[in-house]
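Trainee: Structure incoming, see below.
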Amino acid sequence: MTIPDRLTAHLSQKHIAYDTIHHIPARSSQYAASLLHVPGRQVAKTVALRAGEKTLLAVLPASWHLNLKKFAALVAAEVSLVDEQECYQLFPDCQPGAIPPFGELYNLPVYMDQALADVPDIVFCAGTLCDGIRMGNADFIHVVKPRVCSFAEPGDPARTDAGAFAYEEGGGK
């Protein structure tokens, strides 16, 4: 699979400078960060969520975890992860677990954690498990216009209470 045409066309149309990065398949953003020798705080992971009847994207540093309770309070609705089967339908041109953070391409709102908004350059999945894109964060924010707020917490690999945190394990995470 290649980078979705709609993503490359969108970046070209918006005249955004970016670099593509090819790497071995990575089923998590944090693993991709290690492959690319980039700090996890600069790699964006995209999580597809269901908030009530709406679907949305949460974008946060790869080394952080989404706090579902905090996010639910933010959107004033019960929040759950979109399951892998629904991800196939929502993102048909992407591999499972490889959602790019451009919600406008899929008519979905985007929420970006403040911790990621503060880094100058970001790297994110480009629709495949083997491809990433590096671009200026200011350009990303200008194009995507995410709602920037605080809903993630620094990662703790020993933490296992999935009721509080969304862990990245493939699928739409």
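Where a number appears in this text, it was derived from the coordinates with a stated rule and is not lab data. Keep in mind that this is a model prediction, so the values were computed, not measured. Cβ coordinates were reconstructed from backbone atoms using ideal geometry, including for glycine residues, and neighbour counts include every protein chain displayed.
Trainee: Considering only ALA77, ALA44, ALA58, give the residue with the highest GNM mean-square fluctuation for the chain, with springs between Cα atoms whenever their separation is below 10 Å.
Mentor: Of ALA77, ALA44, ALA58, the Gaussian network model singles out ALA77 as fluctuating most.
Trainee: Then there is this: Efficiency by 1/(1 + (r/R0)^6): what FRET value for SER80 and ASN107, r their Cβ-Cβ distance, R0 = 30 Å, to the nearest 0.05? Display every interim value, and only then the final one.
Mentor: Details: r = 20 Å, r/R0 = 0.65.
Step by step, r from the Cβ atoms, then E = 0.95.
Trainee: Provide the gained length on full extension for the span VAL119 to ASP93, in nm with one decimal, where the gain is 0.36 nm per separating residue minus the Cα-Cα distance.
Mentor: Stretched fully, the VAL119-ASP93 segment lengthens by 6.5 nm.
Trainee: Hey, another quick one. Please give the net charge around TYR18, taking every other residue with its beta carbon less than 11 angstrom from that of TYR18, where Lys and Arg add +1 and Asp and Glu add -1.
Mentor: Working: positive: LYS14, ARG134; negative: ASP19, ASP121, ASP139.
Net local charge, TYR18 excluded: -1.
Trainee: For region 1-69, state which chymotrypsin sites (Phe, Trp or Tyr not before Pro) are in a DSSP loop and have at most 14 other beta carbons lying within 10 Å of their beta carbon. Please report the intermediate quantities before stating the final value.
Mentor: Values: sites: TYR18, TYR31, TRP64; in loops: none.
Taking region 1-69 and a limit of 14 other Cβ atoms within 10 Å, no loop chymotrypsin sites (Phe, Trp or Tyr not before Pro) are found.
Trainee: On to the next question. So if R0 is 22 Å, what FRET efficiency would VAL148 and HIS15 give, r being the distance between their Cβ atoms, rounded to the nearest 0.05?
Mentor: Efficiency computed from Cβ-Cβ geometry: 0.45.
Trainee: Same structure, new question: Report the local net charge at ARG134: Lys and Arg +1, Asp and Glu -1, summed over other residues whose C-beta lies under 13 Å from its C-beta.
Mentor: In short, -4.
Trainee: Counting each pair of different Cα atoms once, what's the Kirkwood radius of the chain in Å, rounded to one decimal?
Mentor: For the chain, the Kirkwood estimate is 15.7 Å.
Trainee: While we're looking at this one, here's another question. Once you've got the GNM for the chain with C-alpha springs shorter than 10 Å, pick whichever of GLY97, GLY132, GLY52 has the biggest mean-square fluctuation.
Mentor: GLY52
Trainee: Please list, by residue number, everything in region 1-40 whose backbone N is under 18 Å from a paramagnetic label point 7 Å out along Cα→Cβ of ALA138.
Mentor: In region 1-40, the label zone of ALA138 (backbone N under 18 Å from the point 7 Å along Cα→Cβ) covers 14-19.
Trainee: Hey, with R₀ at 45 Å, roughly what FRET efficiency would HIS23 and ALA73 work out to, going by the Cβ-Cβ distance, to 0.05?
Mentor: With R0 = 45 Å, the Cβ-Cβ based efficiency is 0.80.
Trainee: Which of VAL75, VAL43 comes first, and how do the rest follow, when ranked by fewest Cβ neighbours within 10 Å?
Mentor: Details: VAL75 19, VAL43 28.
Fewest-to-most ranking of VAL75, VAL43: VAL75, VAL43.
Trainee: Just the number, please: Stokes-Einstein D of region 1-92 in µm²/s, Kirkwood Rh from C-alpha pairs, 25 °C, 0.890 mPa s. Provide the component values of the computation, followed by the final result.
Mentor: Details: Rh = 15.2 Å.
Using the Kirkwood radius from Cα pairs, D works out to 161 µm²/s.
Trainee: What GluC sites (Glu not before Pro) does region 44-130 have in DSSP loop regions with at most 15 other beta carbons within 10 Å?
Mentor: Here the sparse-neighbourhood loop sites are GLU53, GLU78.
Trainee: As a test of the formula, what do you get for the chain when each DSSP H run with n ≥ 4 contributes -39,500 (n - 2.57) and the sum is divided by the residue count, at 222 nm and rounded to the nearest 500 deg cm²/dmol?
Mentor: Rounded to the nearest 500, it is -6500 deg cm²/dmol.
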